Amino acid sequence: MTSENTTGHQILLSLLSAFNQDTATVLSLFDPKATVEYPYAKSLGSAYQLTMDDYRKHLDHILGDMPDIIFTALNVYPLKEPDSYWAEFHGETTVPATGALYQQDYVVNFRLENGKFIYYKEYWNVLPVLSTLMRKEQAQQIIDKHIY
């Protein structure tokens, strides 16, 4: 059952809004000891387990590629474990460097501690990343590497 009245819903909504602001605003929602994971990033040759320092560097790099991203269809599912949630949402933006439309559906597992993210694990489809956020040569190398 989804709930808009949970702390998790409100804090995730704040995070989605922060992605359209700046790195410092995003990081202010995380505990300094938090971890961020992108399990599917490993298949792209990217970091997939990030400390807050790693996450800061990642945000500094990626936020410019995704300006004015619009998030819709947000659903947050509280779990029995206190301050633990699953969520899903859709994101869209136009990538400035290419003019391509980036569309992504996300599933997130997260845990809060003292009103901040302490654990954040985000699942997404690699195909929109390959087709809109990477240079064609770089994307093709990744694809070639994973064809058996």
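Here Asp53, Asp65 are screened, and the one residue that is over 24 Å from Asn5 (Cα atoms) and free of Cβ contacts under 8 Å to residues at least 24 places away in the same chain is Asp53. The number of residues in segment 96-121 that are over 15 Å from the mean Cα position of the chain (by Cα) and part of a strand (DSSP E or B) comes to 4.
From the list Ser28, Ser17, exactly one residue is closer than 18 Å to Asp105 by Cα and surrounded by fewer than 15 Cβ atoms within 10 Å (Cβ to Cβ). Which is it?
On the way: Ser28 fails: closer than 18 Å to Asp105 by Cα.
Being closer than 18 Å to Asp105 by Cα and surrounded by fewer than 15 Cβ atoms within 10 Å (Cβ to Cβ) holds for just one of Ser28, Ser17, which is Ser17.
Taken together, the residues in segment 43-56 that are outside any loop (DSSP other than H, G, I, E, B) and closer than 21 Å to Ile118 by Cα amount to 7.
Here is a yes/no grid of residues against (1) at pLDDT below 85; (2) of a type in the set (Lys, Arg); (3) surrounded by 17 or more Cβ atoms within 10 Å (Cβ to Cβ):
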| site | (1), (2), (3) |
| --- | --- |
| Thr98 | yes, no, no |
| Tyr102 | no, no, yes |
| Phe110 | no, no, yes |
| Glu113 | no, no, no |
| Tyr120 | no, no, yes |
| Val129 | yes, no, yes |
| Thr132 | yes, no, yes |
| Glu137 | yes, no, no |
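Just wondering, is there one or more residues in segment 68-91 that are touching a Pro at 6+ places or on another chain (Cβ under 9 Å), of a type outside the set (Gly, Ala, Ser) and modelled with pLDDT under 95? Checked segment 68-91: no residue is touching a Pro at 6+ places or on another chain (Cβ under 9 Å), of a type outside the set (Gly, Ala, Ser) and modelled with pLDDT under 95. The sole residue among Val36, Val95 that is in contact (Cβ under 8 Å) with a residue 40 or more places away in the chain, touching a strand residue (DSSP E or B) at 6+ places or on another chain (Cβ under 9 Å) and under 23 Å from Leu127 (Cα atoms) is Val36. Contact map, segment 1-20: residues that are more than 17 Å from Glu92 (Cβ to Cβ) paired with residues that are at pLDDT 95 or above and of a type in the set (Phe, Trp, Tyr), Cβ distance under 6 Å, separation 6+ or inter-chain. Pairs shown: Thr2/Tyr77; Gly8/Tyr85. Report whether or not Pro82 is in a loop (DSSP other than H, G, I, E, B), out of contact with any strand residue (DSSP E or B) (no Cβ under 8 Å at 6 or more places or on another chain) and free of Cβ contacts under 8 Å to residues at least 12 places away in the same chain. Considered against the rule, which asks whether it is in a loop (DSSP other than H, G, I, E, B), out of contact with any strand residue (DSSP E or B) (no Cβ under 8 Å at 6 or more places or on another chain) and free of Cβ contacts under 8 Å to residues at least 12 places away in the same chain, Pro82 comes out as yes.
For segment 57-77, what are the residues that are touching a helix residue (DSSP H, G or I) at 6+ places or on another chain (Cβ under 6 Å) and either part of a strand (DSSP E or B) or among the charged types (D, E, K, R) (or both)? Explain how you work it out, then say what you get.
Start the filter on segment 57-77 by keeping residues that are touching a helix residue (DSSP H, G or I) at 6+ places or on another chain (Cβ under 6 Å), which leaves 59-60, 65, 71, 76.
Across segment 57-77, the qualifying residues are Asp60, Asp65, Phe71, Val76.
Hey, could you check segment 78-94 for residues that are within 9 Å of Asn109 (Cα to Cα) and in contact with a Lys or Arg (Cβ under 9 Å, 6 or more places away or on another chain) and say which is surrounded by the most Cβ atoms within 10 Å (Cβ to Cβ)? It comes out as Tyr85.
For segment 3-32, which positions are outside any helix (DSSP H, G or I) and touching an Asp or Glu at 6+ places or on another chain (Cβ under 9 Å)? Passing the criteria: Asn20, Asp31.
The values are calculated or read from the model by the stated rules, or taken from the named source; none is laboratory data. What you see is a predicted model, and the numbers here were worked out from it, not measured in a lab. Cβ atoms come from the backbone with ideal geometry, glycine included; neighbour counts cover every protein chain shown.
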